[in-house]
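The values are calculated or read from the model by the stated rules, or taken from the named source; none is laboratory data. Bear in mind the structure is a predicted one, so any value in this text is a computation, not a measurement. Cβ placement follows ideal geometry from the backbone for every residue including glycine, while neighbour counts extend to all protein chains displayed. Just the protein is used for accessible areas: all its heavy atoms, side chains included, with ligands, DNA and RNA removed. Shrake-Rupley method; radii C 1.70, N 1.55, O 1.52, S 1.80 Å.
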Amino acid sequence: PFYKGVAIVNDGNEYYLINKKGKKINNDVYNGAKNPDNGTYPVQKGINYGLIDSKGETLIDFKYQEVTPLHEGIVWAKKDGKWGLVNSSNKAITAFEYDNGDNCKNDYIKVSKDKKYGLLDKQGKLVLPIIYDQMGSAYNGKILFVIDDGTQKLSLK
């Protein structure tokens, strides 16, 4: 799909960005691509992934096994089989230690490690420990979680 007049396409051999007239945005080509979002494109050069914008400018360096699109200035990146967070300045803000996590929503990021959930803020700091069996998304400064088969609601403020 096009986002603000730009799409990533595959011609059978390589991936590249085009405008709505079908013309290449620049001369950069990639070996692979993941689903784009918010005008950011996870693309592969060689065996590594990085993130580019709709002009083809590199936002996140090509040094990861996988990356996700940008959400609220945060990207998930995979290194050595584990996920970590990288900010829009291309700086890792957490260790690469998570099994998975959600996109940043309402300034918070749900993370998973060893089948338990916790919550980080946008700076990568742990807000809720990784001890919960289930956890919803943060909304209006509140979150719903399950621990020891009991449901509780917690204010994040």
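Just to be sure I understand the curve: with the Debye formula and one point per C-alpha of the stretch 1-125, what is log10 I(q)/I(0) at q = 0.11, 0.13, 0.15 Å⁻¹? Debye curve over Cα of the stretch 1-125, log10 I(q)/I(0) at q = 0.11, 0.13, 0.15 Å⁻¹: -0.38, -0.52, -0.67.
Residues whose amide H lies under 5 Å from that of Y3, counting only those 5 or more places away or on a different chain, are absent; hydrogens are built 1.01 Å from N in the peptide plane. Applying a DSSP loop filter and a limit of 13 other Cβ atoms within 10 Å to the chymotrypsin sites (Phe, Trp or Tyr not before Pro) in the stretch 1-52 leaves F2.
When the accessible area of the chain is split by element with a 1.4 Å probe, what percent falls to carbon and sulfur? On the chain, the fraction of accessible area on carbon and sulfur atoms equals 44 percent. Karplus-based coupling profile of the stretch 40-50, in residue order and whole Hz: 10, 10, x, 10, 10, 10, x, 9, 10, 9, x, with θ = phi - 60° in 6.51 cos²θ - 1.76 cosθ + 1.60 and x standing for Gly or Pro. Take 20-26, 63-69, 131-137 and order them by the average number of nearby Cβ atoms within 10 Å per residue, most first; the result is 63-69, 131-137, 20-26. Each residue of the stretch 123-135 is assigned a 3J(HN,Hα), and the resulting list reads 8, x, 8, 6, 9, 10, x, 8, 9, 8, 6, 8, 7 Hz, derived from the Karplus form 6.51 cos²θ - 1.76 cosθ + 1.60 (θ = phi - 60°), x at Gly and Pro. Of W76, Y139, G22, which is farthest towards the positive pole of the chain's charge dipole, taken about the Cα centre with +1 and -1 on the beta-carbons of Lys, Arg and Asp, Glu respectively? Highest projection toward the positive end goes to G22.
Distance between the pseudo-spin-label points of N106 and L126 (7 Å out from Cα toward the beta carbon): 2.3 nm.
To the nearest 0.05, how large is the calculated FRET efficiency for K24 and K4 if R₀ is 22 Å and r is the Cβ-Cβ distance?
Values: r = 16 Å, r/R0 = 0.75.
The computed FRET efficiency comes out at 0.85.
Taken one residue at a time, the phi angles of the stretch 101-107 give Karplus couplings (6.51, -1.76, 1.60, θ = phi - 60°) of x, 8, 5, 5, 9, 6, 6 Hz. Gly and Pro are set to x. A 1.4 Å probe run over the chain, with the rest of the protein chains in place, finds 57 Å² accessible per residue.
Can you give the alpha-carbon Rg of the stretch 1-72 over 2.2 N^0.38 Å, where N counts its residues?
On the way: Rg = 11.0 Å, N = 72, 2.2 N^0.38 = 11.2 Å.
My calculation over the Cα atoms of the stretch 1-72 gives 0.99.
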